[in-house]
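Rule-based calculations on the coordinates, nothing more; no lab input. Since the structure is predicted, the reported quantities are computational estimates derived from the model, not experimental observations. Here the Cβ positions follow ideal geometry from the backbone for every residue, glycine too, while neighbour counts run over all protein chains shown.
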Amino acid sequence: MRFGFTKTALLIGAAAMLTPATASAQVNLDAAQSDVRVFQGTVDGEAATFEVTVPAGSIMQIDVLSTSDLDPIVTVTDAATGDVIAEDDDGGDNLNSRVRIRGEEGRRIVISVNSFDATWVEEGETYGGSFDLRLATSTYTAPVTRTVTYGSRETGTVQGEPDLFTFTAQAGDMIEVALLSEGELDPYLELRDADGETINMDDDGGNGLNSLLTHVFEEAGTYTIAAMGYGESTGDYTLRVRERRTAMAQLPLQMIGLNDEATGELSSPWMEDGMRPSSILYQLSPAALATIRSGAGQITIRMNAAEGGDPDFGSDIDPFVELGFDTPLGFAVATSDDDGSGTLNAMLPVDLGLLADHPGLLDMMRIRVTGLGGSAGAYTLTITEGMEERVENVMGDEYSIPAPPVPMVMPAD
């Protein structure tokens, strides 16, 4: 193991010392009077290790900045017990590593820097590279727990420790929380019970990297919302609690008639629960089936995004509608539409008269509604008599041309 050390800046003052764990050399920083220190090191076939004291009442940010092809990994352990305090691979910029360590009452830690390649290296192979070890210490300020309720909007900055919010709920209440950031923070949300146990969590359930968490409480009590950054990300945020809404379970199979309007709300596939599925099936009412069997089978199916949706809470659905059949092997798609209305709303004109002489197929026919690409939000579904002219966008251009009605593909008898 070899090390090269260059003191390019000094960190928070008095009582801090940094030495390589091999004790082959010592750099005494007892007289340091700055906020930042940078040391140079090298991984050469094994981890490079350092020891440092984190002063009481402070928090130390440790950055490992590659100055070569090294993809660094950092592990921090308690020098007295050997317990792992933190570890990170790519929590800093690009492939660099970053962790934050609280000084508590003052603690000595061991910083181990290794290469990601060490995980895969075979006997006889070499790995390593040079890096800068950057230590920045600042005064630790414990986050103040705030109280939120329906309709609350709070702002803050994640600096390593989670920001905490309490919410009082009754059994059956539903809460929807959005954690939003336009900066470096990758928002991450946790919902904890009175014992501090995590009962729900979310990373990227909202738009982009934003978090969106929905939960229905089984028991009354005071719960904690933890707003933090994914990995070691930090930055400004806005936390929103949506206005109270009643939790209503949506049946996976519903009925709709001609000239009827159905409403619903869809979740993304990775966020769905008993209240908001990611797709819903509809079957035609007996009256609608009778009309089609009589020969009046031309219809237009429209799925529109509901107006007034809040994009912070996933209300950015791009409607997608499919017509198919419920078979023992699952839903078999016959035809579908995304933007047939000329907007993001779906419009599917189809002639069901082709099925008039196939009552079994009519009984099996289903309409499935989803959000394209996992988009979510409220929608309306209507079925009207007659076939409206469908519009097809050309290569995403603002100009559109009419498209022919979508033909119904008849299954073989």
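Take 112-123, 141-152 and order them by the average number of nearby Cβ atoms within 10 Å per residue, most first; the result is 112-123, 141-152. Region 316-362 and region 209-281 have their alpha-carbon centroids 26 Å apart.
Compared with the direct C-alpha span, the chain from Asp93 to Ala80 gains 1.6 nm at full extension, assuming 0.36 nm per residue. Sum up the charges of everything whose Cβ sits under 11 Å from the Cβ of Asp71, counting Lys and Arg as +1 and Asp and Glu as -1, but leave Asp71 out. Overall, the nearby charge balance is -4. Using a simple spin-label model with pseudo-atoms 7 Å out from Cα toward Cβ, Asn207 and Gln159 lie 3.0 nm apart. Translational diffusion of region 146-241 was estimated from the Stokes-Einstein equation, with Rh taken as the Kirkwood radius over Cα pairs; at 10 °C and 1.306 mPa s the coefficient is 121 µm²/s.
Each peptide in 369-377, 173-181 receives the mean, over its residues, of other Cβ atoms within 10 Å, and ordering these scores from highest gives 173-181, 369-377. Here the relative contact order of region 146-241, from alpha carbon pairs under 8 Å that lie six or more residues apart, stands at 45 percent.
Counting charges near Gly295 (Lys, Arg +1; Asp, Glu -1) among other residues having Cβ under 14 Å from its Cβ returns a value of -2.
Label separation (Ala194 vs Glu105): 3.1 nm, computed from points 7 Å beyond Cα along the C-beta direction.
Once the chain from Leu354 to Thr263 is taken as fully extended at 0.36 nm per residue, the excess over their C-alpha distance is 30.0 nm. Report the Rg/Rh value for region 74-232, based on alpha-carbon coordinates and the Kirkwood definition of Rh. Taking Rh as the inverse mean 1/r over Cα pairs, Rg/Rh reads 1.05. A full extension of the chain between Arg245 and Thr119 corresponds to an added length of 40.5 nm, given 0.36 nm per residue minus the alpha carbon distance.
Each Lys or Arg adds one and each Asp or Glu subtracts one; over the other residues with Cβ under 10 Å from the Cβ of Ala142, this totals 0. Simple rule: put +1 on each Lys or Arg Cβ and -1 on each Asp or Glu Cβ in region 146-241, find the dipole, and look at Ala227, Asn207, Leu239; the Cα lying farthest toward the positive end is Leu239.
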